[in-house]
Amino acid sequence: MRERRGPFTLEEVHLGALRPDEVLVRIEATGLCHTDIAVRDGEMPSPLPAVLGHEGAGYVAAIGDSVTGLAVGDPVVLTYLSCGECRECRTGVPSACVQLGGLCFGGARPDGSHALHGSCGDVLHDRFFGQSSFATYAIANQRNIVKVRPDAPIRSLGPLGCGIMTGAGTVWNALKAGPGSSLAVYGAGAVGLSAVMAARVAGASSIIAIDVVASRLSLARELGATHTVNGGEGDVVSAVRRIVPDGTDFAVDTTGREAVVQNALLALRQCGALALVAAAQPELSLDMFNLLAGCKTICGVIEGGGAAHLLIPRILDLHMSGRFPFDRMLRFYTPEQINDAVRDSVNGNTIKPVICFGQNAA
Ligand SMILES: [Zn+2]
Ligand SMILES: [Zn+2]
């Protein structure tokens with residue numbers, strides 16, 4: 001990505017030598033996430049030009065001298081990078097790492113060096129989410145690599161490292177939705193549909209998906225939603241309360257839009273909890289009386305909360321036993337088609353595009 005709002009361009013670039021704690025990964029496939037598009041559009045502070053991509057999956061091609069627990073040939077999923085040293089990292093919540101922003105969006109290693117250079121030796125920002133995996137090879141840190149079971153279909157696994165984990169972890173780790181609970185999911189994209197699948201696994205009895213795209217709502221039903229509401233057809237709060245008259249125990253907002261968050265709050269029951277996983281606007285105005293008198297909770301959740309090293313294998317095991325069919329959301333593209341993938345994601349035709357770099361290219 002050379003410039004704001006520009007296209008992705010295919011270029012040959014140079015990878016530097018591995019540091020002792022780094023790992024070279026031969027990328028098989030990488031999911032396209034809204035955050036990649038947000039960087040293109042300048043909504044995120046990441047510098048350009050850069051190699052983006054942060055839902056990579058592939059095989060370990062080489063390891064640095066101090067890397068433990070990984071070997072050449074291991075199938076791996078790449079995820080966000082955390083520092084490993086702050087209080088949140090040390091207590092098992094690297095998703096809340098205080099250095100996450102700089103490590104994932106800084107465009108360089110913490111010391112300012114780059115693992116990538118352009119073909120003329122020019123600076124190319126890299127280390128996006130500690131990976132920059134829209135590439136045939138990526139250099140990641142051992143901390144943001146998760147080894148996965150070898151029998152899983154590698155080209156489908158990249159989105160586990162961000163979007164899918166965000167939806168599932170929010171339901172399990174942050175909201176802790178349990179058997180018999182009710183949960184509303186606002187926005188039936190990859191994150192929202194993952195929340196739907198996670199709520200079904202958790203035994204929620206009412207799972208309500210809200211979106212304005214009819215095809216996404218029908219997929220939500222197939223993936224576990226017990227009810228759907230078309231947000232473009234009438235008052236959403238009334239529609240949710242017709243299904244669950246007291247309101248929902250839990251809600252997940254994946255849209256980051258003020259009007260949707262306001263609806264989610266009003267449709268919560270007493271002592272209900274709302275998790276926000278996206279921010280499309282810088283500020284939010286809320287009905288404070290409803291929040292206070294309802295004894296409600298609103299929390300922000302990054303990457304599903306908790307630890308990717310626990311979440312990713314858990315979701316994958318469920319997937320392999322048929323209980324978390326996230327592959328239903330995927331559509332595969334070649335690297336040459338990456339700008340088509342962006343277009344299909346923005347216009348809603350594809351829920352989760354995946355760019356294939358390996359032998360299994362679409
Ligand atoms: Zn993402
Ligand atoms: Zn940390």
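The values are calculated or read from the model by the stated rules, or taken from the named source; none is laboratory data. Please read these numbers as outputs of a predicted model, since none were measured by experiment. Cβ atoms come from the backbone with ideal geometry, glycine included; neighbour counts cover every protein chain shown. In case anyone asks, the SASA skips ligands and DNA or RNA and just uses the protein heavy atoms, side chains included. Shrake-Rupley method; radii C 1.70, N 1.55, O 1.52, S 1.80 Å.
If you check every pair at least six apart or on different chains, which have Cβ atoms under 8 Å apart with a residue in the stretch 225-252 that is at pLDDT 95 or above first and a residue that is surrounded by fewer than 23 Cβ atoms within 10 Å (Cβ to Cβ) and of a type in the set (D, E, K, R) second?
Final answer for the pair search is THR228/ARG221; VAL244/ARG269; ASP246/ARG269; GLY247/ARG241; GLY247/ARG269; THR248/ARG269; ASP249/ARG269.
Does ARG143 fit the bill of being open to solvent by 10 Å² or more (accessible area, probe 1.4 Å), modelled with pLDDT of 95 or more and more than 29 Å from PRO20 (Cα to Cα)? Steps first, please.
On the way: open to solvent by 10 Å² or more (accessible area, probe 1.4 Å): yes; modelled with pLDDT of 95 or more: yes; more than 29 Å from PRO20 (Cα to Cα): no.
Here the answer is no, as ARG143 does not meet what is asked.
I'd like to check something: does the stretch 3-21 contain any residue that is in contact with a helix residue (DSSP H, G or I) (Cβ under 9 Å, 6 or more places away or on another chain), open to solvent by 20 Å² or more (accessible area, probe 1.4 Å) and within 16 Å of ligand 2 (Cβ to nearest atom)?
yes
Take the stretch 157-188 and flag every residue that is surrounded by fewer than 24 Cβ atoms within 10 Å (Cβ to Cβ) and within 20 Å of ALA308 (Cβ to Cβ).
If the condition is that a residue be surrounded by fewer than 24 Cβ atoms within 10 Å (Cβ to Cβ) and within 20 Å of ALA308 (Cβ to Cβ), then TRP172, ASN173, ALA174, LYS176 are the ones that fit.
Which number in (1) touching a Lys or Arg at 6+ places or on another chain (Cβ under 6 Å); (2) within 18 Å of ASP126 (Cα to Cα) marks the one condition that ALA61 misses?
Among (1) touching a Lys or Arg at 6+ places or on another chain (Cβ under 6 Å); (2) within 18 Å of ASP126 (Cα to Cα), the lone unmet condition for ALA61 is (2).
Considering only residues that are buried (at least 17 other Cβ atoms within 10 Å of the Cβ) and without any contact (Cβ under 8 Å) to a residue 40 or more places away in the chain, look in the stretch 89-98 and name the one that is nearest to ligand 1 (Cβ to nearest atom).
Step one: list which residues in the stretch 89-98 are buried (at least 17 other Cβ atoms within 10 Å of the Cβ), which gives 89, 93-97.
Subset that is without any contact (Cβ under 8 Å) to a residue 40 or more places away in the chain: 89, 97.
On the way: CYS89: 20, CYS97: 16 Å.
Among residues in the stretch 89-98 that are buried (at least 17 other Cβ atoms within 10 Å of the Cβ) and without any contact (Cβ under 8 Å) to a residue 40 or more places away in the chain, the one nearest to ligand 1 (Cβ to nearest atom) is CYS97.
Can you find even one residue in the stretch 145-158 that is touching a residue at least 12 places away in the same chain (Cβ under 8 Å), within 16 Å of ligand 2 (Cβ to nearest atom) and assigned to a loop (DSSP other than H, G, I, E, B)?
No, because not a single residue in the stretch 145-158 is touching a residue at least 12 places away in the same chain (Cβ under 8 Å), within 16 Å of ligand 2 (Cβ to nearest atom) and assigned to a loop (DSSP other than H, G, I, E, B).
Has the stretch 46-53 got any residue that is within 16 Å of ligand 1 (Cβ to nearest atom), buried (at least 19 other Cβ atoms within 10 Å of the Cβ) and at pLDDT below 95?
The initial filter retains those residues of the stretch 46-53 that are within 16 Å of ligand 1 (Cβ to nearest atom), namely 46, 50-53.
Of the ones still in play, those that are also buried (at least 19 other Cβ atoms within 10 Å of the Cβ) are 46, 50-53.
Checking which are at pLDDT below 95 leaves us with 46.
Scanning the stretch 46-53, I find at least one residue that is within 16 Å of ligand 1 (Cβ to nearest atom), buried (at least 19 other Cβ atoms within 10 Å of the Cβ) and at pLDDT below 95, so the answer is yes.
Here is a check on your reading of the model: is ASP74 within 16 Å of ligand 2 (Cβ to nearest atom), among the acidic types (Asp, Glu) and surrounded by 15 or more Cβ atoms within 10 Å (Cβ to Cβ)? Outline the logic, then answer.
On the way: within 16 Å of ligand 2 (Cβ to nearest atom): no; among the acidic types (Asp, Glu): yes; surrounded by 15 or more Cβ atoms within 10 Å (Cβ to Cβ): yes.
No; evaluated as a whole, the condition is false for this residue.
Of the residues that sit in the stretch 324-362 and are touching a Cys at 6+ places or on another chain (Cβ under 7 Å) and not hydroxyl-bearing (Ser, Thr, Tyr), which one is farthest from LEU223 (Cα to Cα)?
So the residue we want is ALA362.
Quick check on the stretch 268-280. Is at least one of its residues within 26 Å of GLU28 (Cα to Cα) and touching a residue at least 40 places away in the same chain (Cβ under 8 Å)?
Residues of the stretch 268-280 within 26 Å of GLU28 (Cα to Cα): none.
The answer is no, given that none of the residues of the stretch 268-280 is within 26 Å of GLU28 (Cα to Cα) and touching a residue at least 40 places away in the same chain (Cβ under 8 Å).
Check GLY189 against each of (1) under 21 Å from THR297 (Cβ atoms); (2) touching a residue at least 12 places away in the same chain (Cβ under 8 Å) and name the one condition it does not meet.
For GLY189, the failing item is (1).
Looking at the stretch 287-308 only, could you name the residues that are open to solvent by 60 Å² or more (accessible area, probe 1.4 Å) and at negative phi? Outline the logic, then answer.
Step one: of the stretch 287-308, the residues open to solvent by 60 Å² or more (accessible area, probe 1.4 Å) are 287-289, 292, 295, 297, 300, 302.
Matches in the stretch 287-308: ASP287, MET288, PHE289, LEU292, THR297, GLY300, ILE302.
Quick check on the stretch 312-327. Is at least one of its residues small (Gly, Ala, Ser) and open to solvent by 30 Å² or more (accessible area, probe 1.4 Å)?
First pass over the stretch 312-327, keeping only residues small (Gly, Ala, Ser): 321-322.
Now narrow it down to the ones that are open to solvent by 30 Å² or more (accessible area, probe 1.4 Å): 321-322.
Within the stretch 312-327, one or more residues are small (Gly, Ala, Ser) and open to solvent by 30 Å² or more (accessible area, probe 1.4 Å).
Being within 16 Å of ligand 2 (Cβ to nearest atom), open to solvent by 20 Å² or more (accessible area, probe 1.4 Å) and not basic (Lys, Arg) is true for just one of GLY106, GLY130, GLY112. Which residue is that? Steps first, please.
Values: GLY130 fails: open to solvent by 20 Å² or more (accessible area, probe 1.4 Å); GLY112 fails: within 16 Å of ligand 2 (Cβ to nearest atom).
Exactly one of GLY106, GLY130, GLY112 is within 16 Å of ligand 2 (Cβ to nearest atom), open to solvent by 20 Å² or more (accessible area, probe 1.4 Å) and not basic (Lys, Arg), namely GLY106.
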